[in-house]
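Student: I am attaching a structure below and will ask some questions about it afterwards.
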Amino acid sequence: MRFRPTRRTRRWAIGTAVVVALAGANGPWLYRFSTNQYHDYKINQPGYKADNGHWDTVAMPKEFRLNTIHAALLHTGKVLLVAGSGNNAKNFDAKKFDTVLWDPDKNTFKKIPTPNDLFCTGHTQLADGKLLIAGGTKRYEKLKGDVTKAGGLMIVHNEDPDKPITLPAGTRFTGKSNAKTFVSKDPVLVQRAKKVFDKKTGKFLRTEAGLGRIYVEAEESGTEHETGTEDNYRIQGLTGSDTRNVYGIAQKLALDKKDFQGIRDAYEFDPVGERYITVDPMNEARWYPTLTTLSDGKVLALSGLDDIGQLVPGKNEVYDPKTKKWTYTKGIMQFPTYPAVFLLQNGKLFYSGSNAGYGPDNVGRDPGIWDFASNKFTKIPGLSDPGEMETSGTVLMPPAQDEKYMVIGGGGVGESADSSKKTRIVDLKDPNPSFKDGPSLADGTRYPMTSVLPDDTMLISGGSKDYRGRGGSNLHQARIYDAKTNTMRRVADPEVGRNYHSGSMLLPDGRVVTFGGDSLYGDKDDTKPGVFEQRIEIYTPPYLYKGGDHRPELGEGPKSLSRGGSGVFKSKDAGAVKAARLIRPSATTHVTDIDQRSVALDVAKTADGVRVTVPKNRNLVPPGWYMLFVTDGEGVPSRAVWVEVP
């Protein structure tokens, strides 16, 4: 009997043949599709989340997207996202400066008027909950070949001891020998001269000229306007004795690369009024500065490029929030730009060696302890890969009482392709502290992001093998480091790759937000220009998937806690609470977060809830607002309660 296929069988056979044919032609695509489908299935399983956590991208309306360079968590629970011009020269020329305030709980956004280009500013938390922001961008860099007008630094001298003088923008300087004219780009105040007398006899010795620094450019383009040697410059428009007393001196004025230039402007951001407030400017212009909060609530400003694009020559200064004034510290101490400098429990400062890298590669690079009151610096030995500290990350490991710091990854000087997979740990309570290697990363890693978590672990994520992700080298990896066991384990991979201009921070609900990423190129072959990463991604750690939806509850309690004092917070889960932490909110830029620290508190059960006690050391707990977390025996944290430590 001859077999005759049914209509249904014929359709099935034809369909199968088509699928087989398509599979042959599109095998790689089908493989990738099936692999991606399985990956999505796997990472969304409850068991996987409980072990590895989970990443989600924030739904952000297009009109609020920005190139987030800096971010800070405010005591209102909102996050300040600051771009300024966002490393975009077109935005700078158009004076398009962006700031957005984001509420993570409601996922709402609000644009904030931005008073200046706060691209590559410095910032830190103040004791009253405001955010101090100082420095930023005055001019963008121009690479050699893009510079069309010769220019550079003009030092203006004033030999008149009776008065200072202000020269407006557009002042013309003409060389006595070279007869070439250059024009100032900004106004400059030149201090009056100082009379110097013999301390013993009172006899007049000499007059020291007052000085002012200004950037000047040739009036026209072309190599013929360059100068090769030092010259004395007459200043046009002066009259009377000023023509003799006031003059300029400049070295080579040429078509060399012109670096970024900083500003002196400073602001406080008010989280309640949700606005910037102008305060007195710094004494020095700074681009890429670090701001570190001190135990008395004052703020130390370090390093940066000045208003002519040169490294600020070791002149560091302190801001007093009460007077809104800036004063210089004692002596000169030179650091590279964005140095990672932390307040220690003895009131001194720790410099880890992490930095952004502008400046000489042999000045201010060694890690150590700085007693800035006496201006004494003690180097700390043992650092592995010392030549690969640029773009490394530094974090104060939890709990802060242990005073152990970890330096993570990093790269070679400038645009070097070198990168380190090392982590280095130093115990500053050791009588003779020295760096020792911790667990290694899988790859050399520039720009690693680090956030301390309420269970005394740390999330390390992101970064790239090469400079600014060159060659498609972004690392879509995350790890959790356990300080108690000195071990590191791989957890869920982030979707978004991040490198230069990126950062992360802990949120009050126990999750971690990551932002930024400024790749130099947009493809692995480095043929397309990079696009700034505007997506925001949130990591939910494994502890939030333990025990179903239950987590310890922390309710009403005192709004402020004094050092050495206690406070009771209501909790129906008091019996389950095993630990409490005060975590200082983040103010993150270029992966390093000077502000974040997790302080262990004594905790005890009471009739109404839990009693927590704050350590007495003011250097350990600087004044400000903190997130108070409690955790159970499995490390599951409560939502944070905000408290102020005066």
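The values are calculated or read from the model by the stated rules, or taken from the named source; none is laboratory data. Worth saying up front: this structure is predicted, and the values here are computed from it rather than measured. Neighbour counts run over all protein chains shown; Cβ positions are idealised from the backbone, glycine included.
Student: With respect to ILE369, determine if the residue is in contact (Cβ under 8 Å) with a residue 40 or more places away in the chain, assigned by TED's automatic domain parsing to the domain that holds VAL299, among the hydrophobic types (A, V, I, L, M, F, W, C) and surrounded by fewer than 20 Cβ atoms within 10 Å (Cβ to Cβ).
Tutor: Spelling it out, ILE369 is indeed in contact (Cβ under 8 Å) with a residue 40 or more places away in the chain, assigned by TED's automatic domain parsing to the domain that holds VAL299, among the hydrophobic types (A, V, I, L, M, F, W, C) and surrounded by fewer than 20 Cβ atoms within 10 Å (Cβ to Cβ).
Student: Also, quick follow-up: Quick one: count up the residues across segment 428-443 that are among the acidic types (Asp, Glu) and exposed (fewer than 15 other Cβ atoms within 10 Å of the Cβ).
Tutor: 2
Student: Here are some residues: GLY471, GLY547. Which one is small (Gly, Ala, Ser), modelled with pLDDT under 95, more than 30 Å from ASP296 (Cβ to Cβ) and more than 23 Å from the chain's Cα centre (by Cα)?
Tutor: GLY547
Student: If you scan segment 482-501, which residues turn out to be surrounded by 23 or more Cβ atoms within 10 Å (Cβ to Cβ) and part of a strand (DSSP E or B)?
Tutor: ASN499, HIS501
Student: Are any residues in segment 251-268 among the basic types (Lys, Arg) and assigned to a loop (DSSP other than H, G, I, E, B), and if so, which ones?
Tutor: LYS252, LYS257, ARG264
Student: Tally the residues that are of a type in the set (Val, Ile, Thr) and touching an Asp or Glu at 6+ places or on another chain (Cβ under 9 Å), restricting the search to segment 200-215.
Tutor: Residues flagged as of a type in the set (Val, Ile, Thr) and touching an Asp or Glu at 6+ places or on another chain (Cβ under 9 Å) within segment 200-215 amount to 2.
Student: Has segment 407-421 got at least one residue that is crowded, with 17+ Cβ neighbours inside 10 Å and under 20 Å from VAL599 (Cα atoms)?
Tutor: Checking segment 407-421: at least one residue is crowded, with 17+ Cβ neighbours inside 10 Å and under 20 Å from VAL599 (Cα atoms).
Student: Scanning for something in contact (Cβ under 8 Å) with a residue 24 or more places away in the chain, of a type in the set (D, E, K, R), not assigned by TED's automatic domain parsing to the domain that holds VAL641 and not in a strand (DSSP E or B), does segment 74-94 turn up at least one residue?
Tutor: yes
Student: Looking only at segment 290-301, decide whether some residue is under 19 Å from ALA71 (Cα atoms), touching a Phe, Trp or Tyr at 6+ places or on another chain (Cβ under 9 Å), assigned to a strand (DSSP E or B) and not aliphatic (A, V, I, L, M).
Tutor: yes
Student: Looking only at segment 204-250, how many residues end up being in a loop (DSSP other than H, G, I, E, B) and either touching a Ser or Thr at 6+ places or on another chain (Cβ under 8 Å) or farther than 19 Å from ASP162 by Cα (or both)?
Tutor: Adding up the residues that qualify gives 11.
Student: Among the residues of segment 42-73, count how many are outside any helix (DSSP H, G or I) and surrounded by fewer than 18 Cβ atoms within 10 Å (Cβ to Cβ).
Tutor: Qualifying residue count for the region: 9.
Student: What is the residue count in segment 463-481 for residues that are on the phi > 0 side of the Ramachandran plot and not in a loop (DSSP other than H, G, I, E, B)?
Tutor: 4
Student: A further question follows. Find the strands (runs of 3 or more DSSP E) located wholly in segment 529-646 whose residues include 1 or more that are outside the structural domain of LEU132 (by TED's automatic domain parsing), and list them.
Tutor: 566-570, 577-583, 587-589, 598-605, 609-613, 624-632, 641-645
Student: Right, ASP385: out of contact with any helix residue (DSSP H, G or I) (no Cβ under 7 Å at 6 or more places or on another chain), surrounded by fewer than 21 Cβ atoms within 10 Å (Cβ to Cβ), under 25 Å from MET406 (Cβ atoms) and modelled with pLDDT under 95 or not? Spell out how you get there, then give the answer.
Tutor: Numbers: out of contact with any helix residue (DSSP H, G or I) (no Cβ under 7 Å at 6 or more places or on another chain): yes; surrounded by fewer than 21 Cβ atoms within 10 Å (Cβ to Cβ): yes; under 25 Å from MET406 (Cβ atoms): yes; modelled with pLDDT under 95: no.
For ASP385, the condition - out of contact with any helix residue (DSSP H, G or I) (no Cβ under 7 Å at 6 or more places or on another chain), surrounded by fewer than 21 Cβ atoms within 10 Å (Cβ to Cβ), under 25 Å from MET406 (Cβ atoms) and modelled with pLDDT under 95 - is not met.
Student: Another one. Could you please give the count of residues in segment 502-518 that are in a strand (DSSP E or B) and over 17 Å from ALA59 (Cα atoms)?
Tutor: Taking segment 502-518 as the starting set, the residues that turn out to be in a strand (DSSP E or B) are 502-506, 512-516.
So of that shortlist, the ones also over 17 Å from ALA59 (Cα atoms) come out as 502-506.
Of the residues in segment 502-518, 5 are in a strand (DSSP E or B) and over 17 Å from ALA59 (Cα atoms).
Student: Within segment 334-447, considering only strands (runs of 3 or more DSSP E) that don't extend past its boundaries, which have at least 2 residues that are over 26 Å from SER586 (Cα atoms)?
Tutor: By residue number, 376-379.
Student: Across segment 110-140, what is the total count of residues that are surrounded by fewer than 19 Cβ atoms within 10 Å (Cβ to Cβ) and touching a strand residue (DSSP E or B) at 6+ places or on another chain (Cβ under 7 Å)?
Tutor: So the answer is 5.
Student: Take the residues in segment 303-331 that are of a type in the set (Val, Ile, Thr) and part of a loop (DSSP other than H, G, I, E, B); name whichever of them is farthest from LEU343 (Cα to Cα).
Tutor: ILE308
Student: Hey, another quick one. Give segment 596-638 a look and list any residue that's in contact (Cβ under 8 Å) with a residue 60 or more places away in the chain, surrounded by fewer than 21 Cβ atoms within 10 Å (Cβ to Cβ) and out of contact with any strand residue (DSSP E or B) (no Cβ under 7 Å at 6 or more places or on another chain), or say none.
Tutor: Of everything in segment 596-638, those that are in contact (Cβ under 8 Å) with a residue 60 or more places away in the chain, surrounded by fewer than 21 Cβ atoms within 10 Å (Cβ to Cβ) and out of contact with any strand residue (DSSP E or B) (no Cβ under 7 Å at 6 or more places or on another chain) turn out to be ASN617, ARG618, GLU634, GLY635.
Student: Which one of the conditions (1) over 33 Å from the mean Cα position of the chain (by Cα); (2) within 30 Å of LEU118 (Cα to Cα) does ILE263 fail to meet, given that it meets all the rest?
Tutor: (1)
Student: Here's a follow-up. So, of the residues in segment 272-288 that are of a type in the set (A, V, I, L, M) and assigned to a loop (DSSP other than H, G, I, E, B), which turns out to be farthest from LEU131 (Cα to Cα)?
Tutor: Checked segment 272-288; the qualifying residue farthest from LEU131 (Cα to Cα) is ALA285.
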